[in-house]
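Right, one structure below, let's go through it.
Nothing in this text is a laboratory measurement; each read-out follows from the coordinates by a stated rule. Note that this is a predicted model, so its numbers are computed, not measured. Note that each Cβ is placed from the backbone with ideal geometry, even for glycine, and that neighbours are counted across all protein chains shown.
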Amino acid sequence: DSGVTQTPKHLITATGQRVTLRCSPRSGDLSVYWYQQSLDQGLQFLIQYYNGEERAKGNILERFSAQQFPDLHSELNLSSLELGDSALYFCASSGNSASEQFFGPGTRLTVL
Amino acid sequence: AQSVTQPDIHITVSEGASLELRCNYSYGATPYLFWYVQSPGQGLQLLLKYFSGDTLVQGIKGFEAEFKRSQSSFNLRKPSVHWSDAAEYFCAVVPPQGGSEKLVFGKGTKLTVNP
């Protein structure tokens with residue numbers, strides 16, 4: 001158990017819908033990262049937050065957004081969903097700049 | 001282009017045999033280097049990491065990796081594989097460009113262990 005929790009574990013929805021994925025980092029970790037794992041793209045970095053502020057952006061679509069709240073949990077919002085958004089979405093957290101990231105179990109999103 | 005390459009998509013070994021998974025990176029300077037393992041239906045678990053210093057790094061579950069600057073490689077090894085090692089293995093780097101600790105992953109190597 002990494003100490004990072006993600007909810008829900010599975011999510012099935014339809015095209016055009018909007019969903020919110022939630023992540024709670026390890027106790028004391030200030031950084032939260034979101035990654036997408038798909039068969040065709042592999043594991044890709046989406047976005048990083050550090051202590052409530054956006055720190056880095058990767059290949060994140062404009063339909064996707066994220067935020068980190070004062071209690072340090074984070075949410076990834078995916079809107080206008082397309083079939084191609086079906087993937088495993090991981091959250092990771094780290095507590096220092098040395099980049100050791102601890103991953104949650106992931107949320108599997110299926111868009112029908 | 002800057003990247004992480006795992007040349008082997010799928011490797012099959014017999015239980016008890018030795019294992020080496022290859023990883024090469026293409027960056028101007030040495031990045032931070034990591035190996036993660038993903039068991040079916042599970043998240044990613046860190047096996048080991050290299051930031052600097054001794055080029056032979058010991059990790060969990062009996063794994064080790066060797067950093068070779070001249071070859072831009074960070075290969076993962078295990079002397080004797082167990083059936084429970086069947087999983088997908090990802091090499092990852094934090095690029096040496098500063099500003100973010102985002103991980104860049106290779107495409108992964110799926111390990112099958114035969115009894």
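Odds and ends about this structure:
- If the Kirkwood radius is taken over C-alpha pairs of the stretch A:1-90, then at 37 °C and 0.692 mPa s the Stokes-Einstein diffusion coefficient equals 244 µm²/s.
- Separation of the stretch B:1-64 from the stretch B:72-87 is 8 Å, based on Cα centroids.
- Per the Debye calculation on chain B with a single equal scatterer at every Cα and no solvent contribution, log₁₀ I(q)/I(0) for q = 0.12, 0.18, 0.20 Å⁻¹ amounts to -0.39, -0.87, -1.06.
- Hits among lysines - C-alpha to C-alpha of A:LYS9 under 30 Å, sequence gap 8 or more where chains match: A:LYS57, B:LYS49, B:LYS61, B:LYS102, B:LYS107, B:LYS110
- Stokes-Einstein D in µm²/s, Kirkwood radius over Cα pairs - the protein assembly as shown at 10 °C with 1.306 mPa s viscosity: 88
- The alpha carbons of the stretch A:37-95 give a radius of gyration and a Dmax of 11.9, 35 Å, in that order.
- Diagonalising the gyration tensor over the Cα atoms of the stretch A:6-58 and scaling each eigenvalue by 5 before taking the square root yields semi-axes of 22, 15, 11 Å, largest first.
- Translational diffusion of the stretch B:61-115, estimated by Stokes-Einstein from the Kirkwood radius over alpha carbon pairs at 25 °C in a medium of 0.890 mPa s, is 185 µm² per second.
- In terms of overall dimensions, the stretch B:1-42 has a Cα radius of gyration and Dmax of 13.4, 38 angstrom.
- Each 5 Å bin from zero holds the following percent of Cα-Cα pairs in the stretch A:67-111: 5, 17, 21, 23, 17, 11, 5, 1.
- Computed packing ranks the peptides A:2-12, B:34-44 as B:34-44, A:2-12, most packed first, by mean other Cβ atoms within 10 Å.
- If R0 equals 35 Å, the separation of the Cβ atoms of B:LYS68 and A:LYS57 corresponds to a calculated FRET efficiency of about 0.60.
- Over chain B, relative contact order from alpha-carbon pairs under 8 Å, at least 6 apart, %: 37
- Mean Cα-pair separation over length for chain A, i.e. relative contact order, pairs under 8 Å, 6 or more apart, %: 37
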